[in-house]
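Derivation of every value follows stated rules applied to the coordinates shown; laboratory data play no part. Here the structure is a predicted model, which is why all the values come from computation and not from measurement. Neighbour counts are summed over all protein chains in view; Cβ atoms, including those assigned to glycine, are modelled from backbone coordinates with ideal geometry.
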Amino acid sequence: MKDFKNINLISGIDSLYYFIKTNENYDELFLDILDQIQTQKDLFERDEIDYTNKDIFVTIKGFNLQYLNKAEGFYWFRDTRENFRVGFKDENKNLKLHNIQVQLEGKGIYTVGIKSLLSLVNNDLLKDVRSELLHLTRADINCFVNYDFSFVDKTMFASKKKNYKTISEFGSANKTQTIYVGKKPFLLRLYDKKEELKNSPKKEIMQEYFLNNGLDIKKPIFNIEFEMHRTHLRSLNILTVEDLLKNVNSLFKKSMDEIRLIDTSTIKQTDIKNNTKNRALTLPIWRYIKDSFNIDDFLQSDTPLKRVKRQDYTYTYNHFIKDFSLFLLKVKKKNKKLDITSEFVSILAKQLLDEVVIEPREYKSENSSEVKKGYTDVIYLDKDGNKIDNKRLLDSGELVKPISVLSFRECSDELLEKEIYELENSFFFEDNDKKLQISQKLINAYKERDRRKAKNASRT
């Protein structure tokens, strides 16, 4: 076999869909979801405000989810970072299906990690209403490769399976961009990933992912992706998410054997014309990718759960007004007496803001342009005069350990997204006296993200 050791690749799972079997607590959750949706619709209609589904959010265990639509009996929601979708249905309807569907999407898988996302959804968001089994419905197993497959055409695939003879080809006369081989419940996509990302909002995130995992983004990057649905997976005795994660390597290798990229020079033209190509030899690059595929590093690549288990949501002034209005509307609809006055709300808000402790920061004195730090650096030395530690003595007299901070402008795109993700989550789960600091940091992070988007837009 030709030496391909300098060809880099990344093994992975691009998307993962599954059903969740629910328990006796589910009915209460579903009714609460419907109530939250209807309450917000009533508020919009009462105030004659135009709205779409995406203006509606529901809260589940502190997680705010954006409402998308109702399809095939399921009410579909998405987390605001677009990492996953989740659908809920009435347990008394369409009894052949489980009550909850989950779709983990590429953006979340590549930035947060598939295990962290699974833990977030299953152990935090839905822990109280689910059983242990996660019934798999679809998995896209893929491999990104620093290799140019633009020479490939639809005559270069062979398979013994009749269902896999459906081949679609897209690109120019001289260069292939995308090839589909087969059809549901099992198909192959081979496509130019860099071409796909040219106008994609995920471009910078994916470039960071490639760089962090050893791909050269200056070279061609193609994606070999097998889309597998429930029928195909069940035929291989892959029934649950756990089954999939244990057998990803063997599934990909088996798929590479079932749909092969062949060397057409090893068979006759009549074989190509009659689609009797099974005697053709497999191209060495196809064998190399098959033998090299290993999901272990991908499964071990996780964002710590503390980064993702908090709610993914940006809480703004407008959201507060909306939430407080919804609360008052709920009280009114249920004819309950609210023993609280506007004066009390004002006092409570003032007390909260007055208790906020702002971190020491540099500031300028009124009569001078000189920057005053608000602290004095204290350096600890050993007996030989070597620095062993450093602290800061604040003007208040408190001795603290300085925090090493990387500015948002210095962060990579991927790290910036993760920092935003953690700050947004922290807003809901940290103590109230930290929320003002968090919101200010978020504003700065958003400004940096917007600056980068505007810069990239000007280049195109």
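How many percent of all Cα-Cα pairs in region 9-308 sit more than 35 Å apart? Spell out each step's value before the answer.
Working: 12693 of 44850 pairs.
Of the Cα pairs, 28 percent sit more than 35 Å apart.
Length gain on complete extension for the stretch Leu299 to Glu48, per 0.36 nm per residue less the alpha carbon to alpha carbon distance? Write out the running numbers ahead of the final one.
Details: separation 251, 0.36 × 251 = 90.36 nm, distance 4.89 nm.
Full extension from Leu299 to Glu48 adds 85.5 nm.
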One finds, for Ile217 and Lys453 with R0 = 22 angstrom and r their Cβ-Cβ distance, a FRET efficiency to the nearest 0.05 of 0.70
The rounded separation in angstrom of the Cα centers of region 193-239 and region 5-78 is 25
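Go through region 51-153 and name the chymotrypsin sites (Phe, Trp or Tyr not before Pro) that are in a DSSP coil and have 13 or fewer other Cβ atoms within 10 Å of their Cβ. Provide the component values of the computation, followed by the final result.
Working: sites: Tyr51, Phe57, Phe63, Tyr67, Phe74, Tyr75, Trp76, Phe77, Phe84, Phe88, Tyr110, Phe144, Tyr147, Phe149, Phe151; in loops: Tyr51, Tyr147, Phe149, Phe151.
Here the chymotrypsin sites (Phe, Trp or Tyr not before Pro) that fit, given the DSSP loop and packing criteria, are Tyr51, Phe151.
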Once Glu196 and Lys268 are pulled to full extension, the length gained, defined as 0.36 nm per residue separation minus their Cα-Cα distance, is 22.5 nm
Site Leu34, offset 7 angstrom along Cα→Cβ, radius 19 Å on amide nitrogen, limited to region 85-126, gives 87-101
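How long is the gain from Asn123 to Ser168 if the chain were fully straight, where each residue apart is worth 0.36 nm and the alpha carbon distance is subtracted? Walk me through the numbers on the way to the answer.
Numbers: separation 45, 0.36 × 45 = 16.20 nm, distance 4.07 nm.
Gain in length upon complete extension: 12.1 nm.
Please arrange Leu423, Leu43 by how many other C-beta atoms lie within 10 Å of their C-beta, fewest to most. Mind dumping the intermediate values first?
On the way: Leu423 22, Leu43 18.
In increasing order of surrounding Cβ atoms, one gets Leu43, Leu423.
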Taking a crude spin-label model, label points 7 Å out from Cα along the C-beta direction, the Ser407 to Ser131 distance in nm is 5.6
